Amino acid sequence: MTTATTVKTEYEAIIGLETHCQLSTNTKIFSNSSTAFGADPNTNIDPVCMGLPGVLPVLNEKVLEYAVKTGLALNCQIAKYSKFDRKQYFYPDLPKNYQISQYDLPIAEHGWLEIELVDAEGNPIRKRIGITRLHMEEDAGKLVHAGSDRLSGSSYSLVDYNRAGIPLVEIVSEPDLRSGIEAAEYAEELRRIVRYLGVSDGNMQEGSLRCDVNISVRPVGREEFGTKVEIKNMNSFSAIQRAIDYEIERQIAAIEAGDRIIQETRLWEEGAQRTSSMRVKEGSSDYRYFPEPDLAPIEVSNQQLEQWRSELPELPAHKRHHYESELGLSAYDTRVLTEDRSIAEYFETAIASGANAKAAANWITQDIAAHLNKQKLTINEIALTPTNLADIITRIETGKISNAQAKEKLPDLLSGISPEKAFAGLELITDPSVLEPIVDEVIAANVKELEKYRNGNTNLKGFFVGQVLKKTGKRADPKLTNELVEKKLNA
């Protein structure tokens with residue numbers, strides 16, 4: 001009698017992200033109120049963002065510029081003609097009871113960005129993620145719940161309208177992501193891009209970058225998508241990854257148990273490390289969109305578009321390719337160096353000043369990075385200039401100083417002391433005729449150690465080298481010292 005073998009169904013996740021990115025303008029999208037973070041509640045408000053009778057919105061020109069530049073950086077097609085719409089919904093933090101957004105004619109569509117992951121061997125794995133659309137809109141206010149972080153369980157709620165009217169771009173990806181780590185890397189790359197552009201600080205803790213995840217699962221090989229669930233309330237890239245990983249397992253377990261996945265919005269609970277149901281998801285018809293009657297349509301001329309395109313910086317993905325293919329750096333080094341535009345520019349200035357690329361990368365990603373992390377500084381806040389870093393690297397490579405000497409003097413160099421002053425009187429002794437008598441003197445002074453070495457304890461070579469370095473104040477050339485010590489010990 002034969003028994004049938006049960007084949008376990010394999011599932012894959014279909015993931016897309018909706019990312020709200022706050023633009024770094026000084027004033028709001030349709031009014032002159034400040035966008036400064038951290039102001040006292042309800043102080044950065046005005047009649048326009050509060051929706052008082054008789055007022056009219058006026059589009060902040062900087063918002064349009066930043067939106068178009070972001071669209072260009074994401075390889076999108078920029079609409080020559082677009083418009084604003086009213087999105088109707090009722091909530092205490094929405095003073096007008098509608099939000100000015102863009103619906104059917106967004107400013108940018110059909111783009112992509114490249115994510116890069118590193119495999120176990122350190123090799124880069126690249127993947128293009130489609131961008132469905134990018135559109136401009138205003139933010140809502142903020143509810144502060146007393147006694148709970150959610151409306152449920154709170155004793156009362158307060159409303160802060162400072163955030164109402166803050167300019168946003170919403171960036172919607174194609175459902176091209178397949179795992180939590182891919183989604184987290186997509187969000188990180190998006191933040192790198194807007195920071196390189198200077199259009200947003202991308203600070204998730206302050207709400208400048210907010211990601212909502214749409215996720216469903218389906219058996220591998222099936223073309224039809226499963227039922228989509230939205231996840232909100234993730235305030236870090238690691239939280240995005242963990243929330244997705246949890247939700248994938250939850251949906252697969254529910255399907256295997258014969259339960260039905262419903263289209264809903266769920267919250268990520270950081271403390272419990274799980275998602276929980278918030279509300280049944282609305283559809284676009286629930287918002288009753290119609291064209292915003294108080295704002296004229298937007299037309300971007302070819303001349304204006306090319307002007308903004310010419311102002312784009314080199315973006316992180318292009319820098320990664322350049323560093324890996326032309327400078328021979330590892331995928332790890334390129335990721336660290338391109339994480340922040342100021343670090344990349346520091347590195348490139350050091351290279352232009354004559355530094356070896358690999359040596360400069362090592363100093364920046366290791367010793368300097370450790371100092372920055374410990375002191376909580378940015379690379380622009382240290383006194384060691386990239387030109388002086390190139391000077392240090394050249395001194396090491398030409399044998400004027402050792403790598404150990406440079407590391408020992410690094411705190412002084414970081415505080416602003418010049419290489420000339422830091423290394424004055426520390427030039428390496430590279431002349432064998434000067435170094436050989438010192439080696440002889442050290443060996444003569446350590447007869448017992450010499451006898452042990454010649455009886456087989458060859459590890460004592462390091463002891464003699466160390467004594468020579470100590471006697472010369474670490475000025476003895478390490479390579480030459482090793483050669484002379486070995487020659488004398490084996491004589």
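Among what's in segment 36-85 and is hydroxyl-bearing (Ser, Thr, Tyr) and open to solvent by 20 Å² or more (accessible area, probe 1.4 Å), pick the residue that is nearest to Ile129 (Cα to Cα).
Going residue by residue through segment 36-85, those that are hydroxyl-bearing (Ser, Thr, Tyr) are 43, 66, 70, 81-82.
Subsequent filtering for residues that are open to solvent by 20 Å² or more (accessible area, probe 1.4 Å) retains 43, 66, 81.
Values: Thr43: 40, Tyr66: 21, Tyr81: 25 Å.
Checked segment 36-85; the qualifying residue nearest to Ile129 (Cα to Cα) is Tyr66.
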Which one is least open to solvent (accessible area, probe 1.4 Å), of the residues in segment 473-491 that are over 26 Å from Glu408 (Cβ atoms) and not charged (D, E, K, R)?
Leu489
Condition test on Ser179, is it of a type in the set (Gly, Ala, Ser), open to solvent by less than 50 Å² (accessible area, probe 1.4 Å), in contact with a strand residue (DSSP E or B) (Cβ under 8 Å, 6 or more places away or on another chain) and within 30 Å of Arg309 (Cβ to Cβ)?
no
Output for segment 104-125, where each listed residue is in a loop (DSSP other than H, G, I, E, B), out of contact with any helix residue (DSSP H, G or I) (no Cβ under 8 Å at 6 or more places or on another chain) and open to solvent by 40 Å² or more (accessible area, probe 1.4 Å)
Asp104, Leu105, Asp119, Ala120, Glu121
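For Tyr161, indicate whether it is open to solvent by less than 70 Å² (accessible area, probe 1.4 Å), within 29 Å of Ser31 (Cα to Cα), at pLDDT below 95 and of a type in the set (Ser, Thr, Tyr).
Working: open to solvent by less than 70 Å² (accessible area, probe 1.4 Å): yes; within 29 Å of Ser31 (Cα to Cα): yes; at pLDDT below 95: no; of a type in the set (Ser, Thr, Tyr): yes.
In short, no.
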Scanning segment 166-176 for residues that are among the β-branched types (Val, Ile, Thr) and under 18 Å from Thr132 (Cα atoms), which turns out most open to solvent (accessible area, probe 1.4 Å)?
Val172
Restrict the check to segment 263-274 and report whether at least one residue is farther than 24 Å from Ile193 by Cβ, open to solvent by 60 Å² or more (accessible area, probe 1.4 Å), modelled with pLDDT of 95 or more and not aromatic (Phe, Trp, Tyr).
yes
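Of Leu59, Leu134, Leu72, which residue is in a loop (DSSP other than H, G, I, E, B), under 20 Å from Cys21 (Cβ atoms) and within 31 Å of the chain's Cα centre (by Cα)?
On the way: Leu134 fails: in a loop (DSSP other than H, G, I, E, B); Leu72 fails: in a loop (DSSP other than H, G, I, E, B).
Every option except Leu59 fails the conditions.
Here is a yes/no grid of residues against (1) under 30 Å from Pro313 (Cβ atoms); (2) touching a strand residue (DSSP E or B) at 6+ places or on another chain (Cβ under 8 Å); (3) not in a strand (DSSP E or B):
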residue: Leu143; (1), (2), (3): no, yes, no
residue: Ser148; (1), (2), (3): no, no, yes
residue: Ser154; (1), (2), (3): no, yes, yes
residue: Glu170; (1), (2), (3): yes, yes, no
residue: Tyr186; (1), (2), (3): yes, yes, yes
residue: Arg192; (1), (2), (3): yes, no, yes
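Matching residues to (1) in contact with a Phe, Trp or Tyr (Cβ under 8 Å, 6 or more places away or on another chain); (2) crowded, with 16+ Cβ neighbours inside 10 Å; (3) not polar (S, T, N, Q):
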{"site": "Gly202", "(1), (2), (3)": "no, yes, yes"}
{"site": "Lys232", "(1), (2), (3)": "yes, yes, yes"}
{"site": "Ile240", "(1), (2), (3)": "no, yes, yes"}
{"site": "Glu256", "(1), (2), (3)": "no, no, yes"}
{"site": "Ile298", "(1), (2), (3)": "yes, yes, yes"}
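Looking at segment 7-23, is at least one residue in a loop (DSSP other than H, G, I, E, B), in contact (Cβ under 8 Å) with a residue 12 or more places away in the chain, closer than 29 Å to Ile240 by Cβ and open to solvent by 10 Å² or more (accessible area, probe 1.4 Å)? Please lay out each step first, then the result.
Initially, segment 7-23 is screened for residues in a loop (DSSP other than H, G, I, E, B), giving 7-10, 23.
From the residues that got through so far, the ones that are in contact (Cβ under 8 Å) with a residue 12 or more places away in the chain too are 9-10, 23.
Now restrict to residues that are closer than 29 Å to Ile240 by Cβ: 9-10, 23.
Applying the additional criterion that residues be open to solvent by 10 Å² or more (accessible area, probe 1.4 Å) yields 9-10.
Checked segment 7-23: at least one residue is in a loop (DSSP other than H, G, I, E, B), in contact (Cβ under 8 Å) with a residue 12 or more places away in the chain, closer than 29 Å to Ile240 by Cβ and open to solvent by 10 Å² or more (accessible area, probe 1.4 Å).
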For Glu345, work out the one condition from (1) open to solvent by 40 Å² or more (accessible area, probe 1.4 Å); (2) over 20 Å from Asp201 (Cβ atoms); (3) not small (Gly, Ala, Ser); (4) not in a loop (DSSP other than H, G, I, E, B) it doesn't fulfil.
(2)
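The values are calculated or read from the model by the stated rules, or taken from the named source; none is laboratory data. Owing to the predicted nature of the structure, the values given are computational and were not obtained by experimental measurement. No Cβ is skipped: glycine too gets one built from the backbone with ideal geometry, and neighbour counts run over all protein chains shown. Side chains included, ligands, DNA and RNA excluded: accessible areas come from the protein's heavy atoms. Shrake-Rupley method; radii C 1.70, N 1.55, O 1.52, S 1.80 Å.
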